[in-house]
Structures are given as structure tokens and as C-alpha cells.
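Written below as C-alpha cells is the structure these notes are about.
The values are calculated or read from the model by the stated rules, or taken from the named source; none is laboratory data. On a predicted model such as this, the values are computed, not experimentally measured, just so you know. Note: ideal-geometry Cβ built from the backbone for every residue, glycine included; neighbour counts use all protein chains shown. The accessibility values were calculated without ligands, DNA or RNA, using every heavy atom of the protein model including side chains. Shrake-Rupley method; radii C 1.70, N 1.55, O 1.52, S 1.80 Å.
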Amino acid sequence: MASVSVESLTKVFPNGVKALDDVSLSVDDGEFFALLGPSGCGKTTLLRILAGLEPPSSGTITIGGRNVTRLPPRGRNVAMVFQDYALFPHMTVAENVAYPLKVHRIDKATRRRRAEEVGGGLGLTPLMDRRPGQLSGGQQQRAALARAMAADAVLFLFDEPLSNLDARLRMEARTLLKRLHREVRKTTVYVTHDQSEALALADRVAVMDHGALRQVGPPAEIFHHPGNLFVAGFIGSTPMNLLPARMLDSHVLVAGEAIPLGTPGGESLGGAAGRDIVLAVRPEYMTLAAERTPGSVPAEVEVVEDLGTTYLVTLRGPDSTIQAVVPETRVPKPGDRLFAGADWSRASFYDPDSGERLEVAVSTGPTPPTALRLGNKLSN
Ligand code: ADP
Ligand code: MG
């Protein structure tokens, strides 16, 4: 078992592309750590550098307390599962799974036994004598997983290992991976562009953008307290509502509606009092009502999408589009004029210029007195 530490890692490819820009992170012993970000943000590059398949331009990598920055892949004792599985097509499943042991010059009988043991745990026993070309995508994925596990490496590196599977198999494989990790507790770095996969699997998630880390934390923190507008926009199966608002001393104005703050007073607002801000709230925390209530804004329903047990409603608000997820029992129709409110205590606030999070608490107490409501127009 091993912890991983990456310090000031930068990678500039010979063509001038800066794939990693001063990345520092640490992964605990036994932790499942996800690297999440859009295509091209540098995830594969970081993983290949951890494996020793690519040299960094600068920075250091420590695995299990040992500086491995200059060590070749074989000296690092890591196992990598690639997106395309990279199984040897001319070898059987058993030979593929046993291959890392062959590299380490372990005798044939031990190799066969270990391959059967690990393969058996992944349901591969009836397939051990087939070649990769005779396997389905899901079976190939399990064979690649078994090959990584047979190696008895100290660190597992996964590069989008589920992305070639269809939706149902992907869910099954995700659960299998989570169960395997609970059993073996191997330190794992898992690359994905799929935020739901990262949130479901990882102990901690690092969100990457353009070669830099934008936020590192447990899934619930990333989901409920996005550290900046990039993360707020990237995480969530339906994107957060990003509403233009203005921060005042004791409340936030959204489309002329006042939402009371839990901690009034200029100083607690991080210097944001009197400034334009962005208020972010997830569609799941929005509510739609036929009657105006304090803290709700008028909006007209434009589109209604069936999500199965819930519906996604897109509305035109006074100065922005608003989305709300509503229960199947209360579905409005396009053209309906409603009032969009929210559990504002779930809202996040951002500086529109820097995109950084502002730490402001919204009151969770009783609804504000009518006197706080300031009419329909932003007084500007
Ligand atoms: P991700 O895995 O997040 O999609 P990559 O790490 O593959 O991203 O790539 C990061 C950036 O580096 C991209 O702009 C990509 O085009 C570039 N890149 C990756 N590999 C090379 C290479 N060998 N030479 C030049 N540029 C590369
Ligand atoms: Mg990649």
C-alpha cells in the first residue's frame, strides 16, 4: 500500500502544449481518488506521468514515501487500466491476466494459479482460454481489471476504464469497482470526464480544468459547495442555475426579490456588500408555485422534460433562464406563469469577475416579512 504525493508538476509537450500547470496533490494510503475534468484538461497526461510512461517537465512524484520521479514504470510497482483495455490480442485471458507476473519472472504454475484466483473473483473462469477478440466489451473490461489486480501493485491507475461500456454495463462495472476497492483498499487514482462516476466512486475528487486543479474535496463538498463558477457549472446532472443578483447588507436581491441573509452586516459579506454577484442554486432545490410567496420570482414555463420519476422544467425568469426539477405529481405546462422559489439556504454565491466562491450564509429561519420585498425592478 502506498500514499502518493505530487508536487508542482508541470508538463509542456515538445509542440508547446502546456498539459499540466503547477499541479500539487496528495492521495492517502488506500484512498480512491478521482481526477475529473473535461476532455483535454490533462487527466491522461497526469496519470501517464504517475505511471512513469511520460516524464514531467518539472516537479516531483513520491509513491509510498519514495521519490520515483526518475524511475521507469517497472520500478514503480503501479498497475494501469487503460480506456481501450490494451489486452494482448494473441494471448488468452489467462495469459493476459498472468502477464505482469511473467514480467516479474514468477514461475508458470504460480502464474496460472494466481490468474485463476483473480479471474475467478471477477467471473472470468469460463472465459480463461478465450482471446480478447472473442469477448464482449464488459468481459474485456473485467480481464483488464484482473490483469491489473494480479500484479499486486501498490497503486492502481485507471484511465476512463468504463467509457467503452454501454450504460447498463457501466453501472454494473462501477458497483463492481467500488466493491473491489472496499475489499482490497488499494490506493487508486481514477480518471474520468463523467462527474456522476467520480462522485459515486471516489473518497475525494479533484476537478481539473486546462491543466490546473480547480477544487479538491469529498464528493458532497464538491457537489454542495462548489469552490468557483467552473466547478459549479461542471458538477451536477442538470447544471446549476446561475442567477444575476446583488448583495446588500442584510439580504440578496434576485430579480427584485429579497432573500434574507443569515449573517447580516457588511464585514461578514467578504467585501461583497453592494456588489453584483452570481447566485447559484441547483434545479433540485427550486420550487414552483402558482402564488407569489416571499423570495420567489415570476417566471414563464418554456420547456418540460420527462426524467422518469421527476420532470425538468425550463422557465424564463425576469432576467435569466431558470431550471427546476419537480415531482411527477406537479408538472406544469409550457406557457404557465408561475413563481420560482428555492431552498435558498442551499444557494452558493460567486464573484462574477474572479468566479470565486463568496462565503455567505442565507437565513434558514421563517420567511422574510413582506416589508423586505422591494418590488419588481432592480433599483439601479
Ligand atoms: P485528457 O485526458 O484530460 O482528455 P490529455 O492529458 O490527453 O487530456 O491532454 C491534455 C492536453 O495535452 C491536450 O491539449 C492534448 O491535446 C495535449 N497532448 C496530450 N498528449 C500530447 C502529446 N503527446 N503531444 C502533444 N500534445 C499532447
Ligand atoms: Mg484522457
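Dipole check for the stretch 4-230: with +1 at the C-beta of Lys and Arg, -1 at the C-beta of Asp and Glu, and the Cα centre as origin, the magnitude is about 800 Debye. In the assembled protein chains, Phe13 presents an accessible area of approximately 60 Å² (probe radius 1.4 Å).
Within the accessible area of the chain, the carbon and sulfur atoms contribute 51%, probe 1.4 Å, all protein chains present. Of Val207, Val103, the residue with the largest accessible area leads and the full order is Val103, Val207 (1.4 Å probe). Computed about the Cα centre, the dipole magnitude for the chain is approximately 1560 debye when only Lys and Arg (+1) and Asp and Glu (-1) carry charge, each at its Cβ. Using the Cβ of Leu288 as centre and a radius below 9 Å, the other residues enclosed give a net charge of 0, where K and R count +1 and D and E count -1.
When Tyr85, Tyr285 are compared by accessible area of protein heavy atoms, the largest-first order is Tyr285, Tyr85, using a 1.4 Å probe.
Accessible surface of His225, taken over heavy atoms with a 1.4 Å probe and every protein chain present, rounds to 100 Å². Across the protein chains, with a 1.4 Å probe defining accessible surface, the residues Asp353, Asp29, Asp21 rank Asp353, Asp29, Asp21 from largest area downward.
Exposure check, 1.4 Å probe, all protein chains in place: Thr310 carries approximately 40 Å² of accessible surface. When +1 charges are put on Lys and Arg Cβ atoms and -1 charges on Asp and Glu Cβ atoms, the dipole computed for the stretch 106-181 relative to its Cα centre reaches about 140 debye. Only lysines eight or more places from Lys11 in sequence, or on another chain, were considered; those with a Cα closer than 23 Å are Lys43.
Of the three principal axes defined by the Cα atoms of the chain, the extents in descending order read 82, 46, 39 Å. Note on the chain: helix-only mean residue ellipticity at 222 nm, from DSSP H runs of 4+ residues weighted -39500 (n - 2.57) and normalised by residue number, equals -6500 deg cm²/dmol. For the stretch 4-230, the Stokes-Einstein estimate of translational diffusion at 37 °C and a viscosity of 0.692 mPa s comes to 181 µm²/s, using the Kirkwood hydrodynamic radius over alpha-carbon pairs.
Over the chain, accessible surface divided per residue gives 47 Å², non-protein components excluded, 1.4 Å probe.
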